[in-house]
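Down below is the structure, laid out as structure tokens.
Each value in this text was obtained by applying a stated rule to the coordinates, not by laboratory testing. These numbers come from a predicted model, not from an experiment. Methodologically, a virtual Cβ is constructed for each residue, glycine included, from the backbone with ideal geometry; neighbour enumeration extends over all protein chains shown.
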């Protein structure tokens, strides 16, 4: 019997709770059974949901929202006493590929650049020789018109993948998946920065930094110009939201969502 994966409201979004293996199995059970999507949530996504409640709702509406960031696991424990394992995209991606190879589930990659997708194809051939790769596609760096969007949907559906890995970055990939629910006949999973790490284009933080929730700091050292402002602002907002929710808890007030807090 598969594990019961539940959702818990957390500040501005909902987050799925359950073991890592339970969520992995649940995602595999969704592949090949119609249209669904999974958001791999971190502090950045949570803060985006606070700033834009509509975005927070589409994240919460996902079939699965894995707690990618250690701070989200800490927040679940602080606010609700839930001891939640981290379910990181950088772990989930290779494990899903391995499971897909073993079970015969075909996969598709949508997003990223042509260069990285070419490297990906070589990597998959070497590391997962039995994996069925339904296709890859790097869309143009601009909004697609309706005709182009229809062509993309047909391209994906005709290749009949069980899983579509979406590599557009947050919040673009989450918005795309939500808009494709019911149109793309596969399980869509937003893996963002996990792809470059998978194929060795970027390094992952040492395990001790992962355990202490410092993976963001390692990425900051790698790309300081691009990430400094984002991490500085999102971390401060997250700590503020968590502190306010914790104060509500210890004073006996109901922990409300980010949308409620903004009223």
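Between the Cα long axis of helix 114-127 and the first principal axis of the chain there is an angle of about 80°, rounded to the nearest 10. Using alpha-carbon positions, what is the distance between the centroids of the range 147-183 and the range 12-47, in Å? If we compute the Cα centre of each part, the gap is 17 Å.
By the beta-carbon count within 10 Å of each Cβ, the least crowded to most crowded order of 39, 170, fewest first, is 170, 39. Ordered by the number of other Cβ atoms lying within 10 Å of each residue's own Cβ, fewest first, 45, 90 fall into the sequence 90, 45.
The mean sequence distance of close C-alpha pairs (under 8 Å, at least 6 residues apart), as a share of the length of the chain, puts its relative contact order at 24 percent. DSSP beta bridges fully contained in the range 6-194 are about 20 percent antiparallel.
With N as its number of residues, the range 171-215 has a Cα radius of gyration that, divided by 2.2 N^0.38 Å, comes to 1.55. Peptide packing: for 4-13, 148-157, the average count of neighbouring Cβ atoms within 10 Å per residue gives the ranking 4-13, 148-157, highest mean first.
Exposure proxy check: 147, 174, 118, 101 ranked by fewest other beta carbons within 10 Å? Don't skip to the end; give the middle numbers.
Numbers: 147 8, 174 28, 118 13, 101 17.
By the 10 Å Cβ count, ascending: 147, 118, 101, 174.
Between 0 and 90 degrees, the angle of helix 146-159 with respect to the longest Cα principal axis of the chain falls at about 70 degrees. Pairwise Cα separations in the range 3-59 fall into 5 Å bins from 0 onward with the following percentages, short to long: 4, 18, 25, 21, 17, 12, 2.
Using the Kirkwood radius over Cα pairs, work out the Stokes-Einstein diffusion coefficient for the chain at 4 °C and 1.567 mPa s, in µm²/s as a whole number. Could you put the intermediate results ahead of the total?
Working: Rh = 19.0 Å.
It comes out at roughly 68 µm²/s.
Taking 20 Å as the cut-off, the amide N atoms of the range 186-203 that come nearer than this to a point 7 Å along the Cα-to-beta-carbon line of residue 214 belong to 203. GNM on the chain, alpha-carbon springs under 10 angstrom: the most fluctuating residue among 165, 232, 246 is 232. Relative to the globular-protein estimate of 2.2 N^0.38 Å, the Cα radius of gyration of the range 82-142 stands at 1.29. For the chain, the longest principal axis of the Cα atoms and the long axis of helix 70-80 meet at an angle of about 50 degrees. Highest GNM mean-square fluctuation among 67, 161, 206, for the chain modelled with Cα contacts below 10 Å: 206.
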